[in-house]
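> What follows is a structure written as structure tokens; I'll ask about it next.
The values are calculated or read from the model by the stated rules, or taken from the named source; none is laboratory data. On a predicted model such as this, the values are computed, not experimentally measured, just so you know. Glycine gets a Cβ as well: all are built from the backbone with ideal geometry, and neighbour counts include every protein chain shown. Each accessible area value is taken on the protein alone, full model and side chains, heavy atoms only, with ligands, DNA and RNA left out. Shrake-Rupley method; radii C 1.70, N 1.55, O 1.52, S 1.80 Å.
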Amino acid sequence: VQLQASGGGLVQAGGSLRLACAASGDTISSRTMGWFRQAPGKERGFVAAFRWTGTTGYADSVKGRFTISRDNAKNTVYLQMNSLKPEDTAVYYCAAKYSYSGGTDYYATEYNYWGQGTQVTVSS
């Protein structure tokens, strides 16, 4: 599976962005898809997941502000980010697991395929 992330940019605090992760090479409908982010000097951390079961999960820091969704017809996963804060500034990565995988979905080590990352910068 190849993943291509897009949609990052510079936005003021309180603004919105929508990230997209387009997959090719295989379908994503049977996979858990995740978004992670990494700020300078920090480890890559979990943001959100859309599980192959249809359920979603979010980091506490983004609950109520971010929404993950999936379009199977387009083989694409989205991350709608609202009420952005300067602390959301990071490189955002999308990731995919092997089909029908279990696990917590919260750890980067659980994911098998990664996109190249897209920069999100939130100014105060």
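> Mind listing whichever residues of the stretch 26-40 are more than 15 Å from GLN80 (Cβ to Cβ) and either modelled with pLDDT under 95 or of a type in the set (D, E, K, R) (or both)?
Once the filter is applied, which keeps residues that are more than 15 Å from GLN80 (Cβ to Cβ) and either modelled with pLDDT under 95 or of a type in the set (D, E, K, R) (or both), the stretch 26-40 yields ASP26, THR27, ILE28, SER29, SER30, ARG31, PRO40.
> Can you give me the number of residues within the stretch 20-39 that are free of Cβ contacts under 8 Å to residues at least 40 places away in the same chain and either within 17 Å of TYR92 (Cα to Cα) or crowded, with 17+ Cβ neighbours inside 10 Å (or both)?
0
Okay, residues lined up against (1) touching a residue at least 60 places away in the same chain (Cβ under 8 Å); (2) charged (D, E, K, R); (3) farther than 21 Å from GLN4 by Cα:
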{"position": "LYS63", "(1), (2), (3)": "no, yes, yes"}
{"position": "PHE66", "(1), (2), (3)": "no, no, no"}
{"position": "ALA73", "(1), (2), (3)": "no, no, no"}
{"position": "LEU79", "(1), (2), (3)": "yes, no, no"}
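> Applying the selection to the stretch 72-99, what residues are in a loop (DSSP other than H, G, I, E, B) and in contact with a Phe, Trp or Tyr (Cβ under 6 Å, 6 or more places away or on another chain)?
Hit for the stretch 72-99 is LYS97, nothing else.
> Residue by residue through the stretch 76-87, note down the ones that are farther than 18 Å from SER29 by Cβ and either open to solvent by 10 Å² or more (accessible area, probe 1.4 Å) or at pLDDT below 95 (or both).
GLN80, ASN82, SER83, LYS85, PRO86, GLU87
Per-residue answers, yes or no, for (1) within 10 Å of the chain's Cα centre (by Cα); (2) open to solvent by 30 Å² or more (accessible area, probe 1.4 Å); (3) of a type in the set (Ser, Thr, Tyr):
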{"position": "SER61", "(1), (2), (3)": "no, yes, yes"}
{"position": "THR67", "(1), (2), (3)": "yes, yes, yes"}
{"position": "LYS74", "(1), (2), (3)": "no, yes, no"}
{"position": "THR89", "(1), (2), (3)": "no, yes, yes"}
{"position": "CYS94", "(1), (2), (3)": "yes, no, no"}
{"position": "LYS97", "(1), (2), (3)": "no, no, no"}
{"position": "VAL120", "(1), (2), (3)": "no, no, no"}
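> Can you pull out the residues in the stretch 1-19 that are surrounded by fewer than 18 Cβ atoms within 10 Å (Cβ to Cβ) and not in a loop (DSSP other than H, G, I, E, B)?
Result: GLN2, GLN4, SER6, GLY9, LEU10, VAL11, GLN12, ARG18.
> While we're on this one: So which residues in the stretch 31-64 are in a loop (DSSP other than H, G, I, E, B), charged (D, E, K, R) and touching a Phe, Trp or Tyr at 6+ places or on another chain (Cβ under 9 Å)?
Selection gives ARG31, ARG44.
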